[in-house]
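Working notes, structure below.
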Amino acid sequence: MADDPQGLDAMGVTFASFMNLGVDEGLRAARLAATLGYRSFWTAETVGPEAFGFLAAAGAAGPELSLGTGVLALQLRTPMVVAMGAATLQALHPERDIHLGIGISSPVVTSQWHGVPYGDRPLARVREYVTLLRACLSGESVSMQGDFFEVSRFRLGVRLGERRPKIIVGALNPKMLELAGEVADGVLLNYLPASHVPWSVEQVRRGEARRTDGGRCTIYAYVHAGVCAREDGIDYARRDLFSYAVVDAYAANFARAGFGDSVEAVRERHAARDRDGALAAVTDAFVDAIDVMGDAARVRATMEAYVAAGVDVPVLMPLPWGPDRSAVIDATMRAAIGAA
């Protein structure tokens, strides 16, 4: 992966922040991304569009784009099913990189929305999942009796050439960042300010030092930014950060990044069933560090800041906040890549 383009020349964009606008809007964004010179197009997966089906269509809309999931909740699919989906996407687009992002997700997504147990021992689960997923993508016969999966003679039935999907682990906290550095092709950072990137990279490199394959873990990061007026976005931003601050893993990372007082107040008000108070506890400094709103120059400077902090491949997450959300997405995509 060391020969891959990195920095601002390798910029991607994700559909994750505006999936609720529908798949047509996502495909329109993929076409614009290809026109503007973005290198990759990503999507998340919660309760909206299914990731592999959507990315297959996005790849047709933007033929120059690499394609990425960011991220799939690993509790919802076995490694074998994910290998099949990624291999199908790779076979449909054989000349492009497939970034296969997986992660441990949250109890809300897995248990509440999908009725699947969140599970325990997340580090052991991710390690076993990545190990089995990589083995399945090899095309060889795979048998394994692990703590979470028992597989006998699985062999992927999709023929692939030398190019294979790259396994990316979504990670926030120290041990998961280290694990990503040790076992994955890349790590996807999210919901962190640029100032917190160097610490995150340090954890990844610590794990990377334990690798035995000589590989390097590429640092990807979602960069939240929008060319929009603050008054149009501030309420959305507070709701956005509130929804993550009540999730333990994100709360720990926000606190580590310097927003512990705000997070503590948010969670205290939330526990008291005071939603308005919880939203008000999301401070301006907290918002401005992660959900960046402003003019085109500020959006571009934000992308540059994440790269300067140690991100190899920044992935723009457009904040679609304004009266004309499509126009905001377009302006943000143009600004981030320097085409505004």
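So V71 ticks every box in (1) touching a helix residue (DSSP H, G or I) at 6+ places or on another chain (Cβ under 8 Å); (2) of a type outside the set (D, E, K, R); (3) crowded, with 21+ Cβ neighbours inside 10 Å but one. Which box is left unticked?
Unmet condition: (1).
Of the residues that make up the stretch 41-59, is at least one under 18 Å from the mean Cα position of the chain (by Cα), buried (at least 22 other Cβ atoms within 10 Å of the Cβ) and on the phi > 0 side of the Ramachandran plot?
No, every residue in the stretch 41-59 fails to be under 18 Å from the mean Cα position of the chain (by Cα), buried (at least 22 other Cβ atoms within 10 Å of the Cβ) and on the phi > 0 side of the Ramachandran plot.
Testing L21 on (1) in contact (Cβ under 8 Å) with a residue 60 or more places away in the chain; (2) within 21 Å of V313 (Cβ to Cβ), one condition comes back false. Which one is that?
(2) is the only condition that L21 fails.
Every residue, every condition in (1) without any contact (Cβ under 8 Å) to a residue 24 or more places away in the chain; (2) β-branched (V, I, T), yes or no:
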site	(1), (2)
A86	no, no
L89	no, no
L92	no, no
V108	no, yes
G115	yes, no
D120	yes, no
R125	no, no
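When the residues of the stretch 223-244 are narrowed to those that are closer than 21 Å to A194 by Cβ and more than 22 Å from the chain's Cα centre (by Cα), which ends up surrounded by the fewest Cβ atoms within 10 Å (Cβ to Cβ)?
R230
Filter the helices (runs of 4 or more DSSP H) completely within the stretch 240-340 down to those with at least 3 residues that are over 28 Å from V187 (Cα atoms).
Ranges flagged: 260-271, 275-280, 325-336.
Of the residues D330, D295, D291, D248, only one is at pLDDT 95 or above and surrounded by fewer than 16 Cβ atoms within 10 Å (Cβ to Cβ); which?
After ruling out the rest, the residue left standing is D295.
Of the numbered conditions (1) on the phi > 0 side of the Ramachandran plot; (2) crowded, with 21+ Cβ neighbours inside 10 Å, G214 fails exactly one; give the number of that condition.
(2)
Could you check how many residues of the stretch 259-282 are crowded, with 17+ Cβ neighbours inside 10 Å and free of Cβ contacts under 8 Å to residues at least 40 places away in the same chain?
Qualifying residue count, the stretch 259-282: 10.
Going through the stretch 46-68 one residue at a time, which ones are within 14 Å of H114 (Cβ to Cβ) and in contact with a helix residue (DSSP H, G or I) (Cβ under 7 Å, 6 or more places away or on another chain)?
Across the stretch 46-68, the qualifying residues are T46, V47, G48.
Quick check on my filter: what residues within the stretch 200-230 are over 21 Å from A301 (Cβ atoms), assigned to a helix (DSSP H, G or I) and not β-branched (V, I, T)?
E202, Q203, R205, R206, G207, E208 - these are the residues of the stretch 200-230 that are over 21 Å from A301 (Cβ atoms), assigned to a helix (DSSP H, G or I) and not β-branched (V, I, T).
The values are calculated or read from the model by the stated rules, or taken from the named source; none is laboratory data. Values in this document were obtained by computation on a predicted structure and should not be read as measured data. Glycine also receives a Cβ, built like all others from the backbone with ideal geometry; neighbour counts cover every protein chain displayed.
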